[in-house]
Amino acid sequence: MSHQPEPAQDDAPGRAHDDAVDGPGQGTLSIAAVLAEAASRRPEAPALHFMDHTITYGALWEQTRAYAGALAARGIGRGSRVAMLVPNVPDFPRVYYAALALGAVVVPVHLLFKAEEIRFVLEDAEADLMVAAAPLLAEAAPAAALAGVPLLTVLTPEGFALDGEPVARLEDEALVAEPIERYASMHPLAAATILYTSGTTGTPKGAVGSHLALVEQVHTWLIDTFTYRPDDVLYGGLPFFHTFGQTVVLNAGFRRGAAIILLPKFDADEALRLLVQHKATVFAGVPTNYAAMVAAANRTPDRPPLRSALSGGASLPTALLEAFEAAFGAPVHEGYGLTETSPVCSFNLESEPIRPGTVGKSIWGVDVAIADPEVEDRIVLLPEPGALGEIVARGHNLMKGYLGRPDATATAVVDGWFRTGDLGTVDEEGVITIVDRKKDMIIRNGYNVYPTEVEAVLSRHPAVSLAAVFGVPHETHGQEVHAAVVPAEGVEADPAELVAYMKEKIAAYKYPRVVHVVEAFPLGPSGKILKRELQRNYGG
C-alpha cells in the first residue's frame, strides 16, 4: 500500500490548475523525528527508566535503527502495516518508531484483547506483520496464525519454542540487520497509526491518524497546553497502545527530551516507589489510577517531587482531585479527547486557573462547539453560552477517517466537524463541561466498553435469549459493567456461570461483573430497551 496524494481543493473558476498552488506540495513530516531529533540533540540524556536500568536517547535511537533494519529486511516499508502487541517496556518505542521510520503504519493492539479480538484487528487492518511480546503470545500467536500474518516476537528467551516450533525473535534479526541511516520522509497527511475503537454498532473501527495530526498534537501540547522541561521525569504507566499515553507521555515526552519511567502493569505501590526513586515531576493517569495512588500514599510517607499531574480518559471526581493534591502537593489538570481526535480536544491549561469538574478550554488550533444533537445530517451550532448539546470538534487533530468505512466516517465527520457523541456545555469563557453521553458507552478504568459488542458475545450463550449491557457508577472503576438477560425458553440462567463465560470470551475490562436475570426488559414506544431504566434499577 503506497500513499496517495491528498486531493487538491477545487480550482477557482476560470483558473488553470497549477500543482504549485493546487497540488499536495513538497513538504514532509514524520512522527519518527520525535525520537531521531531527540537522540541527535541529547544523545546522553536519559530517555527511559526501566527495571533499574536507564537507556539514553542515543542508545534508544541506535537500537531503533537496528530494529528498523530488521523490519526492512522482512519487506516492511512505506505503507506497510505493522501490528504490535507490546506492553510499556523499551521494546514498545523501539518497534513503534522503527516502523514509523520506515514509513510503515503502526497498529497498536489492546493488551487485554483475546485471540479472536486480535485476529479481527489483524484482518481488518490487513496487517503485513505482527510483533508480540512474550507474555502475550498465548493470545497473539493463535490470532496471527488464524489471520495468516507473520509473527515476530520480543522478550522471548533464546531457544524458545511455541507448540514445538522455534519463534522468530526480533532481537536476533536486529543483530544481523543493516541499521537504517535515517527515517523516511512522509507526506504530512500520510497515515501513521491505526487505533481501534468500537462504535455504537459494536464493530471495532480503525481510526487512521496522520503524521500531521500526531506531530501537531505534540507541538500544541508543549507550546500552549502544558509545559514539559528537558529535565522532567514523566510517569509512563499509561498504556502506550492507547492514544492518551502514546501522545501525551511518549511522543510529547520524547519531543521535549524528558525521561520516562516505564511501568508495564499498573500497581500503585510500585508506581509510587518508582516515582520516588526516579524523582518524577509529572504524573499522568486515569481516575482509577488517581484513587489507587491516594490509597498508596496512605501506606508510606515517601513522596516524589511532583509539580503537576494530568488526568483524562474519564471524568475525575472533584473529591479525588482534591485528595490527590493534598497527598502529593501537585495540582491536577484534567482534559478531554477521543481516539479520533488524536486525542486532546481541551484541557485545563497550565497557564490558567484549574476549574475542577470541567475539561478546560479547547487547545490551540482546535475548535470545540456545541451542536444540536437531534440534527444528524448537518451541524447546527447552538450559539448560546451554556446551552446543552452534542460536543463537536474540528482542527488539525482529526483523524483521516475510519479504515475501510467511508459511511462511518461520513456519519462521524459532518460539515468538517467531528461528532463526539458526548453531551456538554461551553460557557461564556470557553470552558467545557461534559454532562452526559449521547451513546451508551461505558468507561471502566479509563477504557471504553461498547455494550453492543459485549451483548453480541453474551447472546451466544445457550441460556440467553436477550441481553442488555449497561454501566453503573463505581467508586473504584468509574463505571462497572452490568448485564441483564432474559433467559431462553425453558432454561435457567445462572449469573455466576454467565460471568465466567464472558470472562473467557472477551478482554478483562469488558466482561460484565454482574449479571441480572429478568423476565422482560423495560421497553420504549418503539420497542427499544430502556437501558436508563436498567441503570436506575440496578444502581445507576
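The values are calculated or read from the model by the stated rules, or taken from the named source; none is laboratory data. The model shown is predicted, which means the values in this text are computed figures rather than measured ones. Positions of Cβ are generated from backbone atoms using ideal geometry, with glycine treated the same way; all protein chains shown enter the neighbour counts.
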From the list Thr193, Thr220, which residue is assigned to a helix (DSSP H, G or I), of a type in the set (Val, Ile, Thr) and either modelled with pLDDT of 95 or more or under 15 Å from Gln246 (Cα atoms) (or both)? Thr220
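Could you identify the single residue in Lys205, Lys265 that is outside any helix (DSSP H, G or I) and either at pLDDT 95 or above or over 21 Å from Asp52 (Cα atoms) (or both)? Walk me through it before giving the result.
Details: Lys265 fails: either at pLDDT 95 or above or over 21 Å from Asp52 (Cα atoms) (or both).
Of the residues listed, the single one that is outside any helix (DSSP H, G or I) and either at pLDDT 95 or above or over 21 Å from Asp52 (Cα atoms) (or both) is Lys205.
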Here are the criteria: (1) buried (at least 23 other Cβ atoms within 10 Å of the Cβ); (2) modelled with pLDDT under 95; (3) part of a helix (DSSP H, G or I); (4) not polar (S, T, N, Q). Tell me which single one Glu340 does not satisfy. (2)
Just one of the numbered conditions (1) in a loop (DSSP other than H, G, I, E, B); (2) in contact (Cβ under 8 Å) with a residue 60 or more places away in the chain; (3) more than 20 Å from Glu352 (Cα to Cα) is not true of Thr288; which one? (1)
For residues in region 154-174 being crowded, with 17+ Cβ neighbours inside 10 Å and among the acidic types (Asp, Glu), which is farthest from Ala133 (Cα to Cα)? Glu173
Which residue is farthest from Ile354 (Cα to Cα), if the candidates are limited to region 291-312 and must be touching a strand residue (DSSP E or B) at 6+ places or on another chain (Cβ under 6 Å) and part of a loop (DSSP other than H, G, I, E, B)? Leu306
I'd like to verify a number: residues in region 383-416 that are farther than 26 Å from Phe120 by Cβ, acidic (Asp, Glu) and surrounded by fewer than 18 Cβ atoms within 10 Å (Cβ to Cβ), how many? 2
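For region 483-497, check the following and say yes or no: at least one residue is under 19 Å from the mean Cα position of the chain (by Cα) and part of a loop (DSSP other than H, G, I, E, B). Quick ask: steps written out before the conclusion?
Here is the first cut: in region 483-497, the residues under 19 Å from the mean Cα position of the chain (by Cα) are none.
Scanning region 483-497, I find no residue that is under 19 Å from the mean Cα position of the chain (by Cα) and part of a loop (DSSP other than H, G, I, E, B), so the answer is no.
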In region 180-189, is there at least one residue being among the polar types (S, T, N, Q), crowded, with 21+ Cβ neighbours inside 10 Å and under 23 Å from Gly69 (Cβ atoms)? no
Tell me, which residue of region 113-134 that is among the acidic types (Asp, Glu) and part of a helix (DSSP H, G or I) is farthest from Gly209 (Cα to Cα)? Glu116
What do you reckon, is Tyr509 part of a loop (DSSP other than H, G, I, E, B) and surrounded by 14 or more Cβ atoms within 10 Å (Cβ to Cβ)? yes
Elements of type strands (runs of 3 or more DSSP E) in region 367-479, at least 2 residues being among the aromatic types (Phe, Trp, Tyr) and either within 30 Å of Pro188 (Cβ to Cβ) or touching a strand residue (DSSP E or B) at 6+ places or on another chain (Cβ under 7 Å) (or both): 417-426
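If a residue must be at pLDDT 80 or above and in a loop (DSSP other than H, G, I, E, B), how many such residues does region 512-530 contain? Talk me through it step by step, then tell me what you get.
Filtering region 512-530 down to residues at pLDDT 80 or above leaves 512-522, 530.
Retained after the next criterion (residues that are in a loop (DSSP other than H, G, I, E, B)): 512-513, 518-522, 530.
Of the residues in region 512-530, 8 are at pLDDT 80 or above and in a loop (DSSP other than H, G, I, E, B).
Could you say which residue among Ala259, Ala297 is closer than 23 Å to His477 by Cα and at pLDDT 95 or above?
Ala297
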Please name all residue pairs, on different chains or six or more residues apart, with Cβ atoms under 7 Å, provided the first residue is in region 56-77 and is assigned to a loop (DSSP other than H, G, I, E, B) and the second residue is among the β-branched types (Val, Ile, Thr). Ile76/Val82
